[in-house]
Amino acid sequence: MSYNVLKTKIFRTLGTLAALGVLLTAMPLVAQPVSPQAPAPAESGRNTAAQVEQKMHQLLQMIRFAYVDDIDMQPIVEKGIEEMLKELDPHSAYITAKDVAKANEPLVGNFDGIGVSFQILKDTIVIVEVIAGGPAEKLGIQSGDRIVRIDTLQAVGDSATNDFVFRRLRGPKGTTVSVGIRRRGIDRELEYKIVRDKIPLHSVDAAFMVDDKTGYILLSRFARSTPDEIHSALSTLLAEGMTQLILDLRGNTGGYLDVAVALSDEFLPGGRVVTYIEGKAQPRYEFKTTDRGLFENGDMVVLIDEGSASASEIVSGALQDWDRALLVGRRSFGKGLVQRPFDLPDQAQVRLTTSRYYTPSGRCIQKPYEEGADDYNTDISKRYSRGEMWHADSVHFPDSLKYRSAGGRTVYGGGGIMPDVFVPLDTVRLSDYYVDLRRNNILNNFCLTEAQAHKADWLARYPDVRQFDLSFDMDSVMPRFYAYAESEGVTRRNFKPEKASAFMKALLDSMTADSAHVRLGDTVRTYADYMRQALWPADAMQAYLMERAEAEDARQAVSAVVSDRFLRAQVKALLARNLYGMPAYYRIIRSVDDGFERAIEALNDKALFKALQEAAAPAKPAKPAKKR
């Protein structure tokens with residue numbers, strides 16, 4: 001890249017930072033041209049924008065003409081841009097030209113490829129799902145097929161990596177890739193010439209009826225395709241008799257702002273503020289609902305957790321502020337900053353924070369970031385350390401962050417959305433045995449192999465996932481699973497020899513700490529006197545250590561019971577996924593989902609919803625933001 005292009009690139013970045021005079025529209029991620037502004041008068045001790053640009057220009061010239069060696073300026077300029085943006089906030093970011101398409105892919109809602117999901121099983125690429133309507137399905141490629149060649153390259157052994165598959169199977173729409181397939185029951189390689197096409201990335205991962213009145217929708221992202229997907233899912237569920245809904249936004253990190261508004265529009269009456277945005281160069285702009293929502297009445301629960309961010313928080317905050325839904329789960333992530341993309345001369349992109357968004361009651365739920373990126377990025381681990389994941393009363397909000405919903409309920413801002421009903425994180429199910437199984441990929445490998453071996457028989461006996469869920473015999477499968485895990489080196493037991501020494505050390509350390517605080521008598525004159533007073537008698541020490549060891553065995557036994565139930569459901573859900581597709585996994589796994597179970601309990605607690613309905617009617621405008 002030429003020096004002039006690099007100079008333009010960094011000055012364009014500086015100009016973007018200094019001259020944002022643009023209104024964010026309802027299509028917030030479509031960049032608008034920026035009108036340059038005259039340099040503002042210099043504040044005390046502060047350079048003007050023109051002085052800053054001149055300073056950067058001189059530095060680039062110095063390096064270009066006077067540095068001792070010829071160097072590639074591209075990575076230096078890119079590093080400089082990255083570091084500048086880090087000084088602003090945690091969410092402003094620089095994306096290189098080669099990564100822009102990949103970064104946009106989850107939000108655009110499609111990519112160019114052949115339309116399969118795959119898994120690496122012992123150095124072999126196994127197709128686990130063929131996307132309906134994609135090029136692979138149209139040619140007859142099936143789940144369970146093994147890809148052994150891509151074009152002229154072997155696709156087994158060391159070549160079988162995720163990166164290899166992505167680079168070789170994806171490509172521009174209309175181009176052709178040759179794929180060699182091995183299929184169970186056929187002793188020769190099958191060759192397919194596949195013309196790549198647009199492959200949809202669905203944002204609704206699952207939508208089904210839980211019972212005769214309760215619908216469930218799992219939304220994984222807010223993409224361009226989301227409004228149509230949600231509308232279709234709601235239409236189907238309503239046709240099946242849905243009168244109450246669980247909307248699952250757990251782990252949903254967000255996406256487009258206007259898509260969040262469109263989703264809220266399905267659940268709120270017309271004319272309601274969903275959110276408003278405001279920034280230095282962004283006058284207050286309100287996003288309101290229309291009159292076309294499909295599910296504006298009927299009891300509703302929204303599931304959130306610490307992975308729910310940005311657009312997820314816009315939706316959950318709006319529904320909470322208008323007393324439209326009960327929020328169940330744990331405190332959300334706390335991202336209340338809005339980014340817009342600005343293109344640079346080499347097609348790289350800066351995603352710059354241009355405004356904050358606020359819930360209808362005036363809450364800004366952005367968590368603090370003044371202490372820097374490292375502190376910001378450890379917020380979730382801090383929630384663990386202070387017990388917030390298990391105890392709702394570990395979350396403390398100052399009075400200044402209290403707001404009122406439309407019906408007068410207390411809601412909170414300043415660091416995520418706090419749910420109405422708290423669900424503690426269940427870590428008991430994660431026994432040492434289960435963790436070892438996941439670490440060694442035993443679950444995925446076994447379930448894929450097992451499903452392929454019995455696919456024809458099981459599909460004949462259980463034509464759909466409902467029959468599979470009701471009638472499948474897990475007692476016949478689990479012994480084979482345990483034997484497979486044992487053959488792969490993962491033994492089913494609660495005791496882990498490699499942890500024994502650490503367990504003993506922790507106990508001895510606690511005894512040492514107790515001894516260090518012994519109140520010494522007047523007769524202690526030597527270290528020997530101290531040891532006689534501080535040391536535990538041998539029988540007391542042994543009794544204490546055995547008591548603690550037996551308590552740990554009891555704890556592990558309880559954990560094993562819970563973990564085995566969870567493991568059994570995981571195996572069943574993964575088998576269902578390999579037989580019927582990904583939505584089947586979520587239908588099965590809900591049997592051990594604490595958040596889901598609490599949502600059902602909340603829906604059945606009509607007193608909760610009666611109070612919510614009384615707060616919501618007659619609807620009052622949400623209270624405005626407090627003066628700052």
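The values are calculated or read from the model by the stated rules, or taken from the named source; none is laboratory data. Note that the structure is predicted; figures quoted are calculated from it, not measured. A quick note on method: Cβ atoms are made from the backbone with ideal geometry, for glycine too, and the neighbour counts reach across all protein chains shown. Please note that ligands, DNA and RNA were not included when accessible areas were found on the heavy atoms of the full protein model with its side chains. Shrake-Rupley method; radii C 1.70, N 1.55, O 1.52, S 1.80 Å.
Restricting the search to strands (runs of 3 or more DSSP E) fully inside segment 239-291 and requiring at least 2 residues that are of a type in the set (Val, Ile, Thr) and open to solvent by less than 40 Å² (accessible area, probe 1.4 Å) gives 273-279.
Residues that are at pLDDT below 95 and closer than 27 Å to residue 591 by Cα: does segment 277-293 have at least one? There is no residue in segment 277-293 that is at pLDDT below 95 and closer than 27 Å to residue 591 by Cα. Check segment 414-424 and report whether any residue there is touching a strand residue (DSSP E or B) at 6+ places or on another chain (Cβ under 6 Å) and acidic (Asp, Glu). Checked against the condition, which is being touching a strand residue (DSSP E or B) at 6+ places or on another chain (Cβ under 6 Å) and acidic (Asp, Glu), segment 414-424 yields at least one hit.
In segment 575-589 there is at least one residue that is within 18 Å of residue 430 (Cβ to Cβ) and either open to solvent by 30 Å² or more (accessible area, probe 1.4 Å) or within 30 Å of the chain's Cα centre (by Cα) (or both).
For segment 464-516, a residue qualifies if it is under 32 Å from the mean Cα position of the chain (by Cα), of a type outside the set (Val, Ile, Thr) and part of a loop (DSSP other than H, G, I, E, B), and the qualifying residues are 464, 472, 488, 489, 492, 493, 494, 496. When segment 358-406 is examined, which residues are found to be under 27 Å from residue 318 (Cβ atoms), free of Cβ contacts under 8 Å to residues at least 12 places away in the same chain and open to solvent by less than 50 Å² (accessible area, probe 1.4 Å)? Correct list: 394 only.
So, residue 52, is that one in a helix (DSSP H, G or I), touching a helix residue (DSSP H, G or I) at 6+ places or on another chain (Cβ under 6 Å) and either in contact (Cβ under 8 Å) with a residue 24 or more places away in the chain or not charged (D, E, K, R) (or both) or not? So residue 52 fails the test.
Here 451, 460, 406, 483 are screened, and the one residue that is under 30 Å from residue 322 (Cα atoms), at pLDDT 90 or above and of a type outside the set (Ser, Thr, Tyr) is 406.
Contact annotation: residue pairs with Cβ atoms under 6 Å, 6 or more positions apart or on different chains, pairing a residue in segment 330-348 that is polar (S, T, N, Q) with a partner that is outside any loop (DSSP other than H, G, I, E, B) and open to solvent by less than 20 Å² (accessible area, probe 1.4 Å), are 332/304; 332/313. Considered as a group, the residues in segment 405-426 that are β-branched (Val, Ile, Thr) and within 18 Å of the chain's Cα centre (by Cα) include one that is nearest to residue 367 (Cα to Cα), and that residue is 417. Within segment 162-215, the residues that satisfy the criterion of being open to solvent by 40 Å² or more (accessible area, probe 1.4 Å), among the basic types (Lys, Arg) and closer than 18 Å to residue 108 by Cα are 170, 173, 198. The residues of segment 416-453 that are buried (at least 21 other Cβ atoms within 10 Å of the Cβ) and assigned to a loop (DSSP other than H, G, I, E, B), listed by number, are 416, 417, 418, 419, 423, 431. Inspection of segment 546-567 identifies no residue that is open to solvent by 60 Å² or more (accessible area, probe 1.4 Å), of a type outside the set (Gly, Ala, Ser) and not in a helix (DSSP H, G or I).
Residues in segment 122-141 that are part of a loop (DSSP other than H, G, I, E, B) and either without any contact (Cβ under 8 Å) to a residue 40 or more places away in the chain or exposed (fewer than 14 other Cβ atoms within 10 Å of the Cβ) (or both): 122, 123, 132, 133, 140. Taking residues in segment 545-568 that are within 17 Å of residue 503 (Cα to Cα), and partners anywhere that are in a helix (DSSP H, G or I), the pairs with Cβ atoms closer than 8 Å and at least 6 places apart or on different chains are 545/504; 545/507; 548/507; 549/503; 552/503; 556/432.
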